[in-house]
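Novice: Pasting a structure here, questions to come.
The values are calculated or read from the model by the stated rules, or taken from the named source; none is laboratory data. What you see is a predicted model, and the numbers here were worked out from it, not measured in a lab. Don't worry about glycine lacking a Cβ; one is built from the backbone with ideal geometry, like all the others, and counts go over all protein chains shown.
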Amino acid sequence: MIRVISLDMDGTLVKSRFVDKVWMEGIPSLYAEKAGLDYPAAKEYVIGEYTKIGSDHLEWYDLKYWIDKFGLSISKGELLELYEDEIEVYPEVREALDLLAENYELVVTSNAAREFIDIELDGLQDYFRETFSATTDFREVKKSPLVYGAVCAHMKAKPIEVLHIGDHYSYDYESALDAGLDALFLDRKGERCGREVVGDLREAVELIDGFM
């Protein structure tokens, strides 16, 4: 019997525009100003440095690491605030959360660093009992089965009592299943089909109501 529903954040609850702006516009723009480069040249250099680290290392997700690396005169909070107007919740999210919160404990399980979670969920935080960052809380670069196991342990729930919903087929769907959770794959692009594939969170609610 499901009693906890875990949701991914970027691409599931909120659009990815804010995150993309911070990493792909904010840092390159600040570096261009510092180094006296034009924006395209600065962006090419910054992305090259991102690539050298790669997403398999915690530094990839660490905003302070990159601010320090490029010698930028700005704090993490200040950089995030520059783009907070870009945060956009998907249109069906509040309605879906209202319905889910009637019968389930809700948590967020995201790869994003804690500072991104806190600012992106502003206004939604009251729906969630807990928020979990794979990178900040568990020092894991991806949502592995170990992360889901840790979430279950924290919630004092058996894996079979937890359902995760997210938009990354490997990290949100397959990893959750490998950990023993139920899972739904959120495919907003309509590229997959199947019993456990939904197009938005409204469809997820209908499926959960029908089968759980």
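Novice: When you go through Ser29, Ser73 one by one, which is the residue that is small (Gly, Ala, Ser), without any contact (Cβ under 8 Å) to a residue 60 or more places away in the chain and part of a helix (DSSP H, G or I)?
Specialist: Ser29
To keep it simple, each residue is scored yes or no on (1) part of a helix (DSSP H, G or I); (2) surrounded by 16 or more Cβ atoms within 10 Å (Cβ to Cβ); (3) free of Cβ contacts under 8 Å to residues at least 40 places away in the same chain.
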| residue | (1), (2), (3) |
| --- | --- |
| Lys156 | no, no, yes |
| Ser175 | yes, yes, yes |
| Glu191 | no, no, yes |
| Gly194 | no, no, yes |
| Val205 | yes, yes, no |
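Novice: Taking the stated definitions as given, is Val141 of a type outside the set (Gly, Ala, Ser), closer than 20 Å to Leu58 by Cα and modelled with pLDDT under 95?
Specialist: The answer is yes for Val141.
Novice: Return yes or no: is Ile67 under 18 Å from Asp118 (Cβ atoms) and either modelled with pLDDT of 95 or more or not in a loop (DSSP other than H, G, I, E, B) (or both)?
Specialist: When the stated conditions are applied, Ile67 passes them.
Novice: Name the residue, out of Arg129, Arg202, Arg195, Arg188, that is farther than 22 Å from Tyr90 by Cα and not assigned by TED's automatic domain parsing to the domain that holds Ser55.
Specialist: Arg195
Results for (1) over 30 Å from Ala35 (Cβ atoms); (2) within 14 Å of the chain's Cα centre (by Cα); (3) loosely packed, with under 15 Cβ neighbours inside 10 Å, shown as yes or no for each residue.
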residue	(1), (2), (3)
Leu80	no, no, no
Tyr83	no, no, no
Glu86	no, no, no
Leu97	yes, no, no
Ser133	yes, yes, no
Asp137	yes, yes, no
Val141	no, yes, no
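Novice: Next question. Considering only residues that are surrounded by 14 or more Cβ atoms within 10 Å (Cβ to Cβ) and out of contact with any Phe, Trp or Tyr (no Cβ under 8 Å at 6 or more places or on another chain), which ones fall in segment 50-62?
Specialist: Across segment 50-62, the qualifying residues are Leu58, Tyr61, Asp62.
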